[in-house]
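J.: Sending over a structure as structure tokens; questions will come in a sec.
The values are calculated or read from the model by the stated rules, or taken from the named source; none is laboratory data. Since we're looking at a predicted model, the values are computed, not measured. A quick note on method: Cβ atoms are made from the backbone with ideal geometry, for glycine too, and the neighbour counts reach across all protein chains shown. These accessible areas exclude ligands, DNA and RNA; they are computed on the full protein's heavy atoms, side chains included. Shrake-Rupley method; radii C 1.70, N 1.55, O 1.52, S 1.80 Å.
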Amino acid sequence: MPQTVLLAEDDRAIRHALERALTLEGYQVTAVADGVEALAQAHKNPPDVLVLDVMMPGIDGLQVCRVLRAEGDRTPILMLTALVETADRIAGLDAGADDYVVKPFDVEEVFARLRALLRRTSPVPAGAAAPEGPVREAQVSDRQVEAAGIRMDLQARRAWRGRRELELTRTEFELLELLARNAGIVLDHSTIYDRIWGYDFGPGSKNLAVYVGYLRRKLDEPGAPQLIHTVRGVGYVLRED
């Protein structure tokens with residue numbers, strides 16, 4: 001089945017050109033002209049990914065994003081924006097968007113960012129390295145993930161270790177969710193970079209190690225087993241020793 005895209009763009013020329021390009025790329029596209037139609041379509045036929053223009057009459061892309069996130073909808077959202085200031089981009093991410101493309105854009109960049117967003121929501125493929133010995137599998141549903149003493153409410157974006165709630169940033173939450181969904185499986189650096197950031201920063205980057213350090217400090221408790229383990233030369237795994 002082709003993956004479905006809901007495209008909301010008030011500029012007719014851009015909407016038609018992008019709809020055609022996405023269709024030729026193999027997506028099933030529903031294209032609408034404003035935020036009201038976007039919300040109606042998202043409720044009627046939830047897509048695999050949304051592409052929202054920021055500046056639309058009536059309900060704009062940011063408002064659409066806020067409404068969907070408030071409803072607990074975690075469908076990936078790519079914003080199209082002519083606004084290039086950092087504050088404007090931050091506003092989009094704070095509204096719940098996952099990524100953005102600045103106009104004028106190259107359609108190949110849109111394709112690449114959509115592929116990255118859709119990979120984040122798909123299962124890690126078989127073949128990832130696994131540790132020796134029995135491992136208790138993660139309990140996963142549409143709303144919750146439970147593994148290694150961690151419980152995550154995916155819709156409310158809240159997480160606990162035991163009875164203690166964890167205060168996590170967006171990236172920390174997504175990193176913990178990825179590790180918890182694959183508890184006991186060693187995820188390599190490239191897989192984690194791809195799922196969380198959409199691209200690999202390269203072997204010299206310390207970005208992942210920094211975020212793992214942040215997450216460990218928030219997870220670790222005196223006298224309790226460490227949950228995130230480093231497998232040298234490979235990557236990281238979530239498990240209780």
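J.: Which order do VAL107, VAL186 take when ranked by solvent-accessible area (1.4 Å probe, heavy atoms of all protein chains), largest first? Each step should come with its number before you reach the end.
T.: Working: VAL107 45, VAL186 10 Å².
Largest accessible area first, the residues go VAL107, VAL186.
J.: May I pose another question? Using a 7 Å offset from the Cα along the Cα-to-Cβ direction at both VAL234 and ARG163, what is the distance between the two label points in nm, to one decimal?
T.: 3.6 nm
J.: Go through ILE77, ILE90 and list them by solvent-accessible area, largest first, probe radius 1.4 Å. Intermediate values should be presented prior to the final figure.
T.: Numbers: ILE77 0, ILE90 85 Å².
From most accessible down to least: ILE90, ILE77.
J.: Apply the Karplus parameterisation 6.51 cos²θ - 1.76 cosθ + 1.60, with θ equal to phi minus 60°, to every residue of segment 28-45 and state each ³J(HN,Hα) to the nearest whole Hz, in sequence, with x for glycine and proline.
T.: 9, 10, 10, 10, 10, 9, 7, x, 5, 5, 4, 5, 4, 5, 4, 6, 6, 9
J.: Here is a follow-up. So how do 149-155, 220-226 stack up, highest first, on mean other-Cβ count within 10 Å?
T.: Working: 149-155: 17.6, 220-226: 10.0.
Output ranking for 149-155, 220-226: 149-155, 220-226.
J.: Tell me, what is the 1.4 Å probe accessible area of GLU109, in Å² to the nearest 10?
T.: Accessible area of GLU109: about 70 Å².
J.: Order the following by accessible area, largest value first: LYS206, LYS103, LYS218. Probe radius 1.4 Å; ligands, DNA and RNA are ignored.
T.: LYS206, LYS218, LYS103
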